[in-house]
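Structure record follows, encoded as structure tokens.
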Amino acid sequence: ALIRELERDKFAATDRPGRRRGGSGARHVPAAVKRTVWQRDGGQCTYVSEQGKRCPALKCLEFDHMDPVARGGQAGHPRQVGPGRMRLRCRAHNQYAAEQVFGAGFMERKREEARRRAAAKRAAREAEQARKTRAAAEAREAAEASERAAVAAEQDPDRSVVPWLRALGLSAREARAAAERCEALPAATLEERVKFAVSSLAPGCVRRSAQVASRPS
């Protein structure tokens with residue numbers, strides 16, 4: 001199963017090839033061309049040395065445009081590229097062919113630019129991950145601090161409205177949320193704070209609280 005998946009990703013191997021579609025980008029190679037080139041070249045680098053020895057590489061193969069795209073080679077549509085103008089090359093020999101066309105210095109500059117872009121992207125990803133980690137840690141610390149403050153407030157019978165709201169049938173979460181709104185009234189009495197908390201409740205909570213309060217004790 002893994003071999004079939006790799007073959008499909010690498011050279012578009014399939015038992016049911018679909019209708020040809022034009023790709024986007026000058027370097028796009030149609031799936032039908034990939035299949036034909038891979039089968040024709042036997043899944044092996046096609047470089048042949050001056051002594052007539054073919055490169056034995058079967059891994060890290062690339063589809064090489066015999067007409068360089070940078071010099072007008074077309075590869076954006078099935079009608080503009082055919083198996084005859086494509087070949088399999090290992091990465092080393094693909095780079096060697098490019099150096100022969102563009103020069104070793106030019107290709108080294110291109111490789112250095114690619115390395116810098118990759119390093120910049122990696123640094124950006126790491127910075128974003130660090131930012132998310134810090135934000136998550138800060139949010140967790142804030143939530144823990146809020147929880148500690150809520151617990152401390154509940155333990156103060158002269159200031160906390162939570163026990164009174166709980167007695168009216170509110171859940172712990174609802175009571176704490178209402179208590180947090182009461183923090184805007186630091187000088188109010190406990191009775192005033194309870195009234196303010198009840199007045200700020202959602203209609204459903206108010207009806208439920210009224211039902212609980214009307215029950216005979």
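The values are calculated or read from the model by the stated rules, or taken from the named source; none is laboratory data. Note that this is a predicted model, so its numbers are computed, not measured. Here Cβ is always computed from backbone atoms with ideal geometry, including for glycine, and neighbour counts include all displayed protein chains. Ligands, DNA and RNA are stripped out before the accessible areas are found, and what is left, the full protein with its side chains, is counted by its heavy atoms. Shrake-Rupley method; radii C 1.70, N 1.55, O 1.52, S 1.80 Å.
A few points about this structure:
- Residue-span extension gain [ALA167 to ARG115] - 0.36 nm each, minus C-alpha spacing: 12.1 nm
- With 0.36 nm allotted per residue and the present C-alpha distance subtracted, the LEU6-ASP67 stretch has 19.3 nm of extension available.
- At full extension, PHE106 and GLU180 could sit 20.1 nm farther apart than now, given 0.36 nm per residue minus the alpha carbon distance.
- Taking 7 Å steps out from each Cα toward its Cβ at TYR96 and HIS28 produces label points 3.3 nm apart.
- Backbone N under 19 Å from the ALA143 label point (7 Å along Cα→Cβ), restricted to the stretch 166-192: 172-178, 180
- Among TRP38, TRP164, the sequence by solvent-accessible area, most first, with a 1.4 Å probe is TRP164, TRP38.
- Count Lys and Arg as plus one, Asp and Glu as minus one, and take only other residues whose Cβ is under 12 Å from that of ALA104; the net charge is then +1.
- LEU58 versus ALA127: modelled label distance in nm, points set 7 Å from Cα along the beta carbon direction: 4.5 nm
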